[in-house]
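Accompanying notes for the structure given below.
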Amino acid sequence: MLVPLFTSEIIAERVAVLGKEITETYQSESVPLTVVSILTGSIFFSVDLVRQIRLHVKMDAILAQSYVHHASSGEVLIKNKLKESPAGANILLLDDILDTGLTLKTIQSSLLEQGAASVKTCVLLDKELPPEKKMTHADWFAFRIPPKYVVGYGLDSDELYRNLPGIYELQDDDSGKPEDFVF
Ligand code: XMP
């Protein structure tokens, strides 16, 4: 069953606020901001957010996977390199959801090791976990949510539900089927 959490209108409002804050943070920088999206989950968040950033941006992406079915595998598989070397770049790393922080921390550390000048992070959702279970925090997040499994607006359950315009909690997740949602 899909339980609505955030509508597309509410998401758009928060994304606009984040875009403004990010614009203000980077507007005095002389080099273009490089936005690196962690795919596939951040795809819709990324395209909406970059259009709210009123600066020159370069866009790049990292295909990464840490969750298998609904649980963390404990390791982050990074499946590609960036188009341009991150050396010297100011990078804004985007992900769909921060859970333990393993994914964000692993990729942030890797970009810094490759010589990025700075790597700030922005996530759509920040899952509430006990502090000892969080490996890192994001510089920006759109919404903080309880530790439930969520889908929609890029987030998936075994690759389904990504194209839902809003964000939903997936309850009784083994029985969840795409037909639960009426488009
Ligand atoms: P970590 O623990 O590395 O987890 O911070 C973040 C990654 O795990 C995936 N993830 C989810 N994906 N609904 C999803 O569709 C969820 O509720 C969820 N929780 C974690 C996601 O790929 C993210 O990059």
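The values are calculated or read from the model by the stated rules, or taken from the named source; none is laboratory data. Everything numeric here is computed off the predicted structure, so don't read it as measured data. Here Cβ is always computed from backbone atoms with ideal geometry, including for glycine, and neighbour counts include all displayed protein chains. Side chains are part of the model used for accessible areas, which takes the heavy atoms of the whole protein and leaves out ligands, DNA and RNA. Shrake-Rupley method; radii C 1.70, N 1.55, O 1.52, S 1.80 Å.
Nearest 20 debye, what's the magnitude of the dipole of the chain about its Cα centre given +1 on Lys and Arg Cβ and -1 on Asp and Glu Cβ?
Here the chain has a charge dipole of around 620 debye.
Antiparallel as a % of all DSSP beta bridges within the range 2-170, to the nearest 5?
35 percent
Can you pull the percent of the range 64-183's accessible area that's carbon plus sulfur, 1.4 Å probe, other chains left in place?
The nonpolar share, carbon plus sulfur, comes to 51 percent.
May I have the count of lysine pairs in the range 1-136 with C-alpha atoms under 21 Å apart, counting pairs 8 or more residues apart or located on different chains?
17
Over the range 31-140, what is the relative contact order in percent, taking alpha-carbon pairs closer than 8 angstrom and at least six residues apart? Please list the in-between numbers first.
Working: 197 pairs, mean separation 29.7, N = 110.
Contact order relative to length: 27 percent.
How much solvent-accessible surface does Ser109 expose, in Å² to the nearest 10, with a 1.4 Å probe and all protein chains in place?
Counting only protein heavy atoms, the figure is 50 Å².
At 1.4 Å probe size, with every protein chain present, just tell me what the per residue accessible area of the chain comes to in Å².
52 Å²
State the Cα centre-to-centre distance between the range 108-156 and the range 1-25 in whole Å.
The distance from the Cα centre of the range 108-156 to that of the range 1-25 comes to 15 Å.
Any chance you could run the full-extension gain for Arg14 through Ser85? It's 0.36 nm times the residue separation minus the Cα-Cα distance, nm to one decimal.
Once the chain is fully extended between Arg14 and Ser85, it gains 22.5 nm.
Please state the equivalent ellipsoid semi-axes for the chain: what are the square roots of 5 times the Cα gyration tensor eigenvalues, largest first, in whole Å? List each step's numbers first, then the result.
Details: eigenvalues 148, 70, 41 Å².
Sorted largest first and rounded, they come to 27, 19, 14 Å.
Looking only at the range 9-40, which residues have a backbone nitrogen under 15 Å from a spot 7 Å from the Cα of Lys58 in the C-beta direction?
30-37
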